[in-house]
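In what follows, a single structure is set out as structure tokens and then discussed.
The values are calculated or read from the model by the stated rules, or taken from the named source; none is laboratory data. Nothing here was measured: the structure is a model prediction, and the numbers come from that model. Glycine also receives a Cβ, built like all others from the backbone with ideal geometry; neighbour counts cover every protein chain displayed. Please note that ligands, DNA and RNA were not included when accessible areas were found on the heavy atoms of the full protein model with its side chains. Shrake-Rupley method; radii C 1.70, N 1.55, O 1.52, S 1.80 Å.
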Amino acid sequence: MKQPGAKDIIIAEDVKVWFDDFQALRGVTTTVKEQEVVVLIGPSGSGKSTFIRALNRLEKHQAGRVIIDGIELTDETENIEAIRSEVGMVFQQFNLYPHLTVLENITLAPIWVRKTARAAAEDQAIALLERVGIPEQATKYPLQLSGGQQQRVAIARSLAMDPKIMLFDEPTSALDPEMISEVLDVMVELAQSGMTMVVVTHEMQFARAVADRVVFMDAGFFLEEGNPEEFFRNAQHPRSKEFLSHIL
Amino acid sequence: MTSLGPTESVLDAERESPPQKVAIGAFDWMRKHLFSSVFNTTLTVIALLIAVFVTRGIAGFIFGDRPKWGSVTENMRLYMTFGYPPEQIFRVWLSVGIVFALFGLTLAAWGGGNRVSANRLASSVTKLGGTLVALALVTGPFPILWDDAPLSLRAEIIMVVIGFALGGLAMFHKARTEEQPERTISRTGILAGSVVFFIAFIWLLQVPTPMLDADGVYSEPLAPLATTTTWPWTLMAVIMMVFFLLGGVFVDRRGEERLRSVLVASWLFSYPLIVFVILRAPDIDWNQFWTRDIWIVLGFVVGGGLLLLLVADPERPERGRILSLGTVVLAIAMFWPLSIGGLPRNLMIVTAIYMLVAPSFAAKGAMKRTLANWVAVVLIASFFMIAMDTEMILQISKESFLGGLALTIILALGALGLAFPLAILVALGRQSRMPIFRQLSIGYVELIRGVPLIVWLIMAIGLFGFFVPTGVELDKVIRVLVAFTIFWAAYLAENIRGGLQAVGKGQTEAAEALGMTAFQTTTLIVLPQALRLVIPPIVGQVITSFKDTSLVAIVGVFELLNIAIRSIPAQTVPTSNFTFIGTVSENLLFVAMVYWVFTYTMSRSSLRLEEKLGVGKR
Amino acid sequence: MTAKTRDADTTRVPLWRNVTVLKWLAQIATVAVVVLLFMWLFGNFSANQEGGTSPFSFRFLNEPAGFQLGEGFTLTPESGAQALMVGIVNTFKVALLGILMATLLGVIVGISRLSSNWLVAKFATSYVEFLRNIPLLVQMVFWLALLTLLGKLTADTGPIPGFLITSSKGVAFAFVVPAEGFFQWLLFVVAGIVAARYVKRWRRRLRDETGNETHELSWALGTFVAIAGVGLAIHPLVGPLRHLWGALESFFVGLPVIVFQVVLAVVALLAAALWIRRFLASLRTPAGMAKLTDDDYYRIVFAGAVGVVGAVAVFMLDEVAQTLLNGAANVFGGLESAYHAAAGWPIVWSQPVLNIAGDQGQFVTYGDGGVVFTPAFLGVFIGVTLYTSAFIGEAVRAGILSVPKGQTEAGLASGLTRTQLLRLVVLPQAFRVIIPPVGNQYLNLAKNTSLGIAVGYLEIVGVGQILAAKIGSRASMAVIWMGFYLAMSLTFSAMINWYNRRSLIVER
């Protein structure tokens, strides 16, 4: 099994986020190393999604610091755009562009952000579609695909930017049960290839299989973190125990 | 390896407030919503300038020297009922009374027990106060910025004081109830408050009243409304309140459902009652009624009843079908070759339609009800037929029998009501699997919708006469009513088609699987669902239709608009040099306001209805 | 198999219970009722016509008009057809200008309603609620009444004498107007547009190949400006084309009506035949001919009947055919004489001119110069523009709101800038929702210009009413109105449908 690298690629220091006057993140401090796979779990409303959305500034943090690959996220637009092109994100609802074909969905950002030639971008897109196992769907439109296929296209779309980090926001929650595994397989393969990943998910099997670290979140805090083996066998915090007893 | 985060006590502790102060002060609110950036500030300034400019312009016109508002206030009766004889005006008030009574009952039947949040009410009051203050400051004199203003200083001060008083009242309420659970006010309370407010308003209101002194000099001193206005309206408001309370009692005793079904029928029935009986005041020839008409009616009641027993016999469906077809043939034969007109022919048409429809709904157990319905249908239909077929008691020309706002409302509702059944037929035809029905419907809808309404109205006035037998004279109102009916049916049909498409195929299949006939499936399963779905678009169509009635001004029918631009600007006062000639803009502003109040109220209620039905969300 | 067939034979359904027979009986009965109704109506019509004053014919189209119009490209039409043409051009003039302005205002209002600026959003909301809840006709009459409150036209009327003049006679302002050589220059404009399209495509391909920014839009615009600009100077070069126009004119003048009618009739029959052929081909299965259902037979018969009726109608309406021929001849004749122009600017800057008459100069009218909008035109124009802009604003707002938030987030997450996001992700999706209702609003606007008769604007209905009263008949005028508006509506709906089909988001 691969080992996380030495470099801290994500640094979060006392990150706090408010929605109007509700505090969703109450001071989160953590670091993620290169090639590390971190899985966030916790009840809904605990701040998991808010945290990973703060990592590419889809949510603005009002206090604390977020540093991605040595660049701090501030109001500086150039930094934000630079970081966003380095950080891929996969959403619960896929968010594929329904007016573009699968191929166009994948090549859009490389062409317009990375200024890649179209032919090169398309070659890369085909390669990525092969990697996620659906090369034959390239010319179809997103809504013609099944949920699992759509999510795999969404992963390919993020990978097309050669990201250093991939964020997954409950990627399997909107899928029918029989489609979950096809998406998880892709994610497992990705993790084994050495991608740095932060994953919000309820799939404990996935966490057990590939996570280097499992984080339990509740009430806007990181309540407990540790390696998956220990965490699932012997959680310490009363809230994590309670949560695990519901879910396992 | 495992590291632990904060403990329970920390988790349950109060969450921090955001670093920026969010306690919404007026200043913060303005910074956030008006001046968040340079661009935003520029926008705010531009919008503010336009708003001030427009408001002052309008106020300057309204309170300026030029307009003669007397042309509006003096002609109120013309606007409302046009040439209706003043000595018969109680008929109009009776009609309004019926509508208000039904309205009161309707409020009770639909959400009489509803409660409105006191805080929401308070915030509306605050908004009202703020608007008053803003209006006063913009239109009244203001040091440095402008000295000459449309509004006098006294009026400005009064408005500002009232505005702050309202705002303060609401704030006080809010501050007092902050700690308590949300309070609500019942619909009854709000309605009673509104009624009291309305009555106080009309008794205190002062309007410009035209005066001519001995030298023929015109002036418009402010004066209270005439008692011929205030007393009837007070009565109307009280009637509505009383019927609302009565409705509440009825709901408590018998439940909402029963009141609702009675009300739907009453609303439908009220239209012909008001138009043909109360307003039109038919001079029924009782002698002819007792010697001839009564026997015709009784003949149809008995004959039709017997026929119904045969037609609706579930044991012998074939015979029923042949008999009902026979009535249709007989009804057509009345036109040609028999050429029998009047009551017998019209009742025969009613019979034919009833015989066609009845077998689908008549069951063994329901025979009594079907017969009772039949008797009621014949009696009501005969009553209105006789009432419509006689001269009026009123000594006025047909052309000016109705006009003004009354005509606008009666035209819109009447044409929509007539258009509705036609629209359902066309919509069903367009969804039909039979190609000829489909083509006829598509042709109808496309032809009618493709050509502007005004062209149809011009044709109705100019060409209609050529297409009816020589000697038949129809007055303008009937012609435009026919044109509106045909026109709106096409639009309504498209709305209804939307609803029909939304009712899933599964519904039809389920009904057919139960052995229902196509007719039963359509009328009992598909249509009720489809019509429920299309209520919001139909309300939209009602609004459009209401606005469209103004087009009849072009073809010379005197509804609101035509009165404003033709009747009043042509008025002169004999034996003086005073006229209302040239008073177009003030009349137009008034008419625009009347239309706006009606359409805006309708569109708001349709929005609320949409939320309630939850159809908009699909 | 055989047993089943025999079964079906032995229990043949009686005719009066056969679904197919009943279905067609019902339909034929309905058609019979409709036909009878129309026969009755037209029977009355012809009975009322006997000795009446307005015969149903289109002869007036080719007869001298003999009356003057208040507004249009010619004020003294030669024939009924030309008078009608004036009305049609006036309709299109106010409709196109109205569509342009209403779109502009509507987009601004729609976006403003979504503004985070409280005042701007409120302002836009009031604008919409106010304008769309008051009948258009009331608004039009009101604008006209306001315009009559403007001052009398005098020799020094402003606000900017010589550039912008407002008075109760209308508004005149300085603007670029076509001059001699305009029609020659139009050829260059068209060529410029075509060339710009090709250049844009070429730059796009280049970008796809290299990945570099190739500024396709600037290139396309540059191409257009260059060609149109050069055309300004060299437009007399295409002058010799007048021989072509002249030849076409004499062709249409010399063409006998009957030949034209035969051509049209053949086209109608051919179209029907082609449709039937394609219909049959679409039903054919790979194995051969499919079995036709009763509905299919009906459609074939119907298409054939439409073709035949169309062909017959062409021969019955020879006055209309003659008018069309005359019209074509007139257009080419006009082009022929226009192409005689000498060198000079095809478009010129023109300022309003005042004609002053009377011994004290008290009779002032607008002369030939600048652009002059009459009060009637302005009443219709302002009316339809403001009214429609409220509805367009609502459509724009709904369209923008229809793009889910996730789309924006996905775009941002992949590093697109705000502008790219709007251009590549949000607007393409919003447009699909916005275009169909806005198209309908355009159609409504065009139809609403017919209310111009209330303020005295001479569009097709206004002119038609004069025509019907002077030389035509109400019935034939009604047919022309219906034909005109139907053609317009159907063309518009076809365009909207085409867009809808083209832009449909592909789903399962």
Quiz item: How far is helix B:89-109 tilted, in degrees, relative to the longest principal axis of the Cα atoms in chain B, given as a value from 0 to 90 rounded to the nearest 10?
Solution: 80
Quiz prompt | Kirkwood-type radius of the range A:1-62, with distances r between different C-alpha atoms, in Å | solution = 12.7
Quiz item: Counting only other chains, what is the mean number of Cβ atoms within 10 angstrom of the Cβ of each residue in peptide B:456-465?
Solution: 4
Quiz item: What is the interface area between chains C and B, defined as buried accessible area summed over both chains with a 1.4 Å probe, reported in Å² to the nearest 100?
Solution: 4900
Self-check item: Helical mean residue ellipticity (222 nm; -39500 (n - 2.57) per DSSP H run of 4+; nearest 500) of chain A
Solution: -11500 deg cm²/dmol
Quiz item: How many angstrom lie between the C-alpha centres of the range B:498-557 and the range B:400-440?
Solution: 11
Quiz item: Put B:R254, C:R397 in order of accessible area, largest first, 1.4 Å probe: what do you get?
Solution: B:R254, C:R397
Self-check item: Translational diffusion of chain B, µm² s⁻¹ [Kirkwood Rh, Cα pairs; Stokes-Einstein; 20 °C; 1.002 mPa s]
Solution: 72
Self-check item: Net +/- balance of residues flanking C:A446 in space, Cβ distance below 14 Å, scoring K and R +1, D and E -1
Solution: +2
Exercise. List the residues of the range A:50-85 whose accessible area drops by at least 50 Å² when all protein chains are present, compared with their chain alone, using a 1.4 Å probe and counting only protein heavy atoms.
Key: A:E81, A:R84
Quiz item: If the viscosity is 1.567 mPa s and the temperature 4 °C, what Stokes-Einstein diffusion coefficient in µm²/s follows for the range B:383-458 when Rh is the Kirkwood radius over Cα pairs?
Solution: 83
Quiz item: Which three extents, in whole angstrom, do the alpha-carbon atoms of the range A:120-248 cover along their principal axes, largest first?
Solution: 51, 29, 24
Practice problem: Starting from 0 in steps of 20 Å, tell me what percent of the Cα-Cα pairs of chain C lands in each bin. | Solution: 14, 42, 35, 9, 1, 0
Practice problem: Using a/c under 1.5 as the rounded threshold, could you call the range C:377-508 rounded, prolate or oblate? The axes a ≥ b ≥ c are square roots of the C-alpha gyration tensor eigenvalues, and prolate needs a/b larger than b/c, oblate otherwise. | Solution: prolate
Exercise. Check cross-link reach from C:K447 to the lysines: straight Cα distance under 18 Å, and skip same-chain residues fewer than eight apart.
Key: B:K547, C:K93
Exercise. Determine the percent antiparallel among the DSSP beta bridges restricted to the range A:154-236, to the nearest 5.
Key: 50
Quiz item: Placing +1 at every Lys and Arg Cβ and -1 at every Asp and Glu Cβ, with all other atoms neutral, what dipole size does the range A:73-195 have around its Cα centre, in debye to the nearest 20?
Solution: 300
Quiz prompt | Within chain C, helix-based [θ] at 222 nm, where runs of 4 or more DSSP H residues each add -39,500 (n - 2.57), nearest 500 | solution = -22500 deg cm²/dmol
Practice problem: Tabulate in residue order the Karplus-calculated ³J(HN,Hα) for the range B:63-69, using 6.51 cos²θ - 1.76 cosθ + 1.60 with θ = phi - 60°, rounded to whole Hz; enter x for Gly and Pro. | Solution: 9, x, 7, 5, x, 9, 5
Quiz item: Got a sec? Which residues of the range C:134-157 lose 20 Å² or more of accessible surface with every protein chain in place, vs. that chain alone, 1.4 Å probe?
Solution: C:I134, C:P135, C:L137, C:V138, C:V141, C:F142, C:A145, C:L149
Quiz prompt | Probe 1.4 Å - accessible area at A:K33, Å² to nearest ten | solution = 70
Practice problem: Measure of size requested: the Rg and Dmax of the range C:122-201, with Cα atoms as the atom set and Å as the unit; please supply both. | Solution: 21.0, 55
Quiz item: By the scheme Lys and Arg +1, Asp and Glu -1, what is the net charge of all other residues having a beta-carbon under 11 Å from that of B:P208?
Solution: -2
Quiz item: Distance in nm between label sites at B:R253 and A:S181, each 7 Å beyond Cα in the beta-carbon direction?
Solution: 6.9
Quiz prompt | Average beta carbon contacts from partner chains per residue of A:114-124, 10 Å cutoff | solution = 3
Quiz item: Of B:K32/B:K127; A:K7/B:K32; B:K476/C:K470, which pairs sit farther than 30 Å apart, going by alpha carbon to alpha carbon?
Solution: A:K7/B:K32
Quiz prompt | Intensity falloff of the range A:21-145 expressed as log10 I(q)/I(0), Debye formula with alpha-carbon point scatterers, at q = 0.11, 0.20 Å⁻¹ | solution = -0.52, -1.22
Practice problem: Express the carbon and sulfur contribution to the solvent-accessible surface of chain B as a percent, rounded to the nearest whole number, probe 1.4 angstrom. | Solution: 68
Practice problem: Using a cut-off of 10 Å between beta-carbons, work out the net charge of the residues near B:A460 (Lys and Arg +1, Asp and Glu -1, B:A460 not included). | Solution: +2
Quiz prompt | Sequence-distant lysines (8 or more away, or on other chains) whose Cα lies within less than 21 Å of C:K152 | solution = C:K169
Quiz item: Looking at C:L248, A:S158, B:L34, which one has the Cα that reaches farthest to the positive end of the dipole of the protein assembly as shown (charges on Cβ: Lys, Arg +1; Asp, Glu -1)?
Solution: C:L248
Quiz prompt | FRET efficiency estimate (nearest 0.05) - Cβ-Cβ, B:E473 to C:F42, R0 22 angstrom | solution = 0.65
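Which order do C:H215, A:H202, C:H243, B:H173 take when ranked by solvent-accessible area (1.4 Å probe, heavy atoms of all protein chains), largest first?
The ordering from most to least exposed comes out as C:H243, C:H215, A:H202, B:H173.
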Quiz item: Cα extents of the range C:265-318 along the three principal axes, largest first, in whole Å?
Solution: 47, 19, 8
Quiz item: Under the Kirkwood approximation applied to all pairs of distinct alpha-carbon atoms, what is the hydrodynamic radius of the range C:257-351 in Å?
Solution: 17.3
Quiz item: Using the heavy atoms of the protein chains alone and a 1.4 angstrom probe, what is the accessible area of chain B per residue in square angstrom?
Solution: 55
Self-check item: Electrostatic dipole magnitude of chain B [Cβ: Lys, Arg +1; Asp, Glu -1; Cα centre; debye, to 20]
Solution: 1460
Practice problem: Could I get the Rg over Rh figure for the range B:474-571? Both from C-alpha atoms, Rh via Kirkwood, rounded to two places. | Solution: 1.23
Exercise. Taking H placed 1.01 Å from N in the peptide plane, check which residues at least 5 places from A:I9 or on another chain put their amide H under 5 Å from its amide H.
Key: A:V32, A:K33, A:E34
Quiz item: Given 10 °C and 1.306 mPa s, how large is the Stokes-Einstein diffusion coefficient of the range B:49-127 in µm²/s, with Rh as the Kirkwood radius over Cα pairs?
Solution: 90
Quiz item: With θ set to phi - 60° and the Karplus curve 6.51 cos²θ - 1.76 cosθ + 1.60, what are the ³J(HN,Hα) couplings of the range B:28-37 in order, to the nearest whole Hz, using x for Gly and Pro?
Solution: 4, 4, 5, 5, 6, 9, 10, 10, 6, 8
Quiz prompt | Convex hull volume per residue for chain A, taking Cα atoms only, in Å³ | solution = 130
Quiz item: By average Cβ neighbour count within 10 Å, what is the ranking of B:562-568, A:26-32, B:438-444 from highest down?
Solution: B:562-568, A:26-32, B:438-444
Quiz item: What lysines could a cross-link reach from A:K115, if we take a straight Cα to Cα line under 28 Å and drop same-chain neighbours fewer than 8 places away?
Solution: A:K60, A:K140, A:K164, C:K200, C:K405
Self-check item: Gyration tensor verdict on the range B:117-256 (Cα atoms; rounded if a/c is under 1.5, prolate if a/b is larger than b/c, oblate otherwise)
Solution: oblate
Quiz item: Based on the alpha-carbon gyration tensor of the range C:129-261 and its eigenvalue square roots a ≥ b ≥ c, which shape applies: rounded if a/c is under 1.5, prolate if not and a/b is larger than b/c, or oblate?
Solution: oblate
Quiz item: Volume per residue, Å³, of the convex hull around the alpha-carbon atoms of the protein assembly as shown?
Solution: 279
